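See structure below.
The values are calculated or read from the model by the stated rules, or taken from the named source; none is laboratory data. Please read all numbers here as calculations on a predicted model, not as lab measurements. Every residue, glycine as well, gets a Cβ built from its backbone with ideal geometry; the counts of neighbours run over all protein chains shown. Remember, those area values only see protein heavy atoms, side chains included, never the ligands or the DNA or RNA. Shrake-Rupley method; radii C 1.70, N 1.55, O 1.52, S 1.80 Å.
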Amino acid sequence: MHHPHRGAFVRPSKLGSNRLRRASCIAIALVAGLSLAACAPTGGNAVSAATSAAEFDYAGWDAYAGGADSSQYSSLDQVNTDNVTQLELAWTFPTGDGPPPLFNPLKLGNTLYIAVGNRLIALDPVTGAEKWSRAYEGRTITTRGMNYWQSADGSDRRLIFMLDGILRAVNAVDGSPITSFGENGGVDIRNGLAPEKRPNRPLHTNNPGRIYKNTIVISLPAAAYDFASAPADIHGYDVVTGKLKWVFHTVPEKGEFGYETWPEKDHKKFGGVHNWSELTIDTNTGIAYIPTGTARYDFYGGNREGDNLFADSILALDVETGKRVWHYQVLHHGLWDWDNPQSPKLMTIHKDGKAIPAVILSTKFGFIYVFDRRTGEPVWPIEEKPVPASDVPGEKASPTQPVPTWPEPFVRQGVFTEEMINPYISDEDKAKLRELLQTARNDGLYAPPSLRGTITMPGHNGGANWGSSAVDPVKGRFFVVSKEIPTFNKLALDKRPEALAAMPNGGGDVQPYKSNVDFMLQSNGLPAIAPPWSTITAYDMNTGKKLWALPNGEVTKLVEQGIRDTGSTAPRGGPVATAGGLVFVGTSSDRKFRARDAATGKVLWEYSLPAASEGIPAIYEAGGRQFIVIPVGGDGLFAPRLGQDPPGPSQYMAFALPEGSR
């Protein structure tokens, strides 16, 4: 079968000019002048996205994950491998009742910003003392982070975030709404959809979006987790006025590139393909790198025959215009809910005597895809390999999938064997798993969901997930925190007439087959698979080779039994690398915060927390000291049921060296 839209494609576009970020910067040399025309899907001369130099602010922390480049890297080195053992708790700030915090703080000038529920809170970054707080009408500000923008003269300073489906702009000085933005300070992102596609309820997302110059990029959520769902378009808004500047359709409309990778019947009803997590912007070129998710419905696609662009892809979009520069689809006709959850990482790597400005995408299913970010050309070959077929009525799974030849995957993949059964579960649970292995479909990484049930390893929680990778762009290192939790994807027919009626392009043998979410957690809450349940892996991206891979965390109650180095269960703590040669990351099932030697992975310092830590640390300088701040609270995702103590109060905790030490 010929697949004309597979791989990387470039559309000509005028790219943004070089732009200096506000704080101290590190220069990375890029190669200029590479023609893109050979990859163009249409006629015309493509424009190179290369610039003579790329400069990002690695010293400040003015946006989610550190900045628009999503590096999760700090060039601060006051805290380093020589003195990290002296790190101590500097201050705490309680967040009160409600969901545990995940929000990644922003530090702007002499103020640190956090969000709790519908409240924006300004803190003193040195002491943690509250300066002011402001509550807004609604329930929840974007839980992961937000963005900052200021005018050229610095007189207009704004924080921009989502709140209950409304994009809001507020004054960074006191939190007061910018009433000239949108309608009385807000924009309902549903308004960018055609009336027939507009859902009744608000489209809220926890993806903070990204800002380039005067444009903020916001990705719409897919809404319903079902066959019928909202189209998850990507919008560009003017940060000054709130005006919608452009729309990119992640499910292409008639006349757009990729339209024919979907059925024509009921085309307007297809959805999913959402960038629900995070995205990255190269602020030197004005190109956004956006990871997309699986088309709805996530585990059965008999009604959506085709590759389904731009699902399960990395998109490179010109932020000024919303035009596609290139794309690469890492999964054709996705059936596993393996959304691409991570903000792609940017760095210049050196290969075969050439400097390549690269973009790195790590996935839920354990592969790393590395591209020249100017063209979408793979840095190492990616091969279309035959994969197992579906045995479900009406399903037409892709016969091949794109598999990277390098780097090596960072998790166990494929067949779940009896030898992999977790030794720390009950004998009864072990027996049930052995039984399941006899009856389930269990024939490799890309085995589709089935009526008898398919074991998928890793499952759709990862592998990698949001916030779980970082780079050291100076040393060319890439760090990824992963989970290893298989799933059991068993399809069953939803026989309700309304289920078929809601299914686009259904009928005949194409029926609404659905799957329960089954992470195969056992009676004690532990995964079905033997440890490690989480690892942290470091790569040298100049060679693609692993530098080290180690268990990430432990389980407190197992440690008490002398069982060590299991990895934490389902951690959602993201790593941050520093110029001090460290990688910081928090874990949940052992309630620890650790600093590792970035060169070896060795734990140099750890701190016992009163609760789990989920989310990304923020690193900044204030009052002449380097601070590392983390959100703490709750038991974490998929907490084991082993009799652990109840979690302590939710809070932010800040760490620094003792005053006067170096």
Residue list for segment 277-323, restricted to those being more than 11 Å from residue 333 (Cα to Cα) and in contact with a helix residue (DSSP H, G or I) (Cβ under 9 Å, 6 or more places away or on another chain): 278, 280
(1) over 29 Å from residue 131 (Cβ atoms); (2) modelled with pLDDT under 95; (3) more than 23 Å from the chain's Cα centre (by Cα): which one isn't true of residue 184, the others all being true? (1)
For residues in segment 427-442 being without any contact (Cβ under 8 Å) to a residue 60 or more places away in the chain, open to solvent by less than 100 Å² (accessible area, probe 1.4 Å) and among the charged types (D, E, K, R), which is nearest to residue 523 (Cα to Cα)? 430
Count of segment 263-294 residues which are closer than 23 Å to residue 198 by Cβ and either of a type in the set (Asp, Glu) or open to solvent by 10 Å² or more (accessible area, probe 1.4 Å) (or both): 9
Residue check: is residue 453 more than 22 Å from residue 570 (Cα to Cα), out of contact with any Ser or Thr (no Cβ under 8 Å at 6 or more places or on another chain) and open to solvent by less than 20 Å² (accessible area, probe 1.4 Å)? no
Taking segment 539-568 and keeping only residues that are open to solvent by less than 10 Å² (accessible area, probe 1.4 Å) and either aliphatic (A, V, I, L, M) or modelled with pLDDT under 95 (or both), one is left with 541, 555, 558
So which residues in segment 508-538 are farther than 30 Å from residue 494 by Cβ, polar (S, T, N, Q) and surrounded by fewer than 18 Cβ atoms within 10 Å (Cβ to Cβ), if there are any at all? 524
Those residues of segment 397-426 that are in a loop (DSSP other than H, G, I, E, B) and surrounded by 15 or more Cβ atoms within 10 Å (Cβ to Cβ) come to a total of 15
Report yes if some residue within segment 403-426 is among the charged types (D, E, K, R), touching a strand residue (DSSP E or B) at 6+ places or on another chain (Cβ under 8 Å) and either at pLDDT below 95 or within 18 Å of residue 532 (Cα to Cα) (or both); otherwise report no. yes
Pick from segment 621-650 the residues that are touching a Gly at 6+ places or on another chain (Cβ under 7 Å) and assigned to a strand (DSSP E or B): which of them is surrounded by the fewest Cβ atoms within 10 Å (Cβ to Cβ)? 630
So, restricting to strands (runs of 3 or more DSSP E) that lie completely within segment 313-378, which ones have at least 3 residues that are within 24 Å of residue 251 (Cβ to Cβ)? 313-318, 324-329
Are any of the residues in segment 364-377 within 22 Å of residue 447 (Cα to Cα), without any contact (Cβ under 8 Å) to a residue 60 or more places away in the chain and open to solvent by less than 10 Å² (accessible area, probe 1.4 Å)? yes
Please name all residue pairs, on different chains or six or more residues apart, with Cβ atoms under 9 Å, provided the first residue is in segment 69-95 and is farther than 16 Å from residue 623 by Cα and in a loop (DSSP other than H, G, I, E, B) and the second residue is of a type in the set (D, E, K, R) and open to solvent by 20 Å² or more (accessible area, probe 1.4 Å). 69/21; 81/597; 83/662
Among the numbered conditions (1) more than 30 Å from residue 251 (Cα to Cα); (2) at pLDDT 95 or above, tell me where residue 146 comes up short. (1)
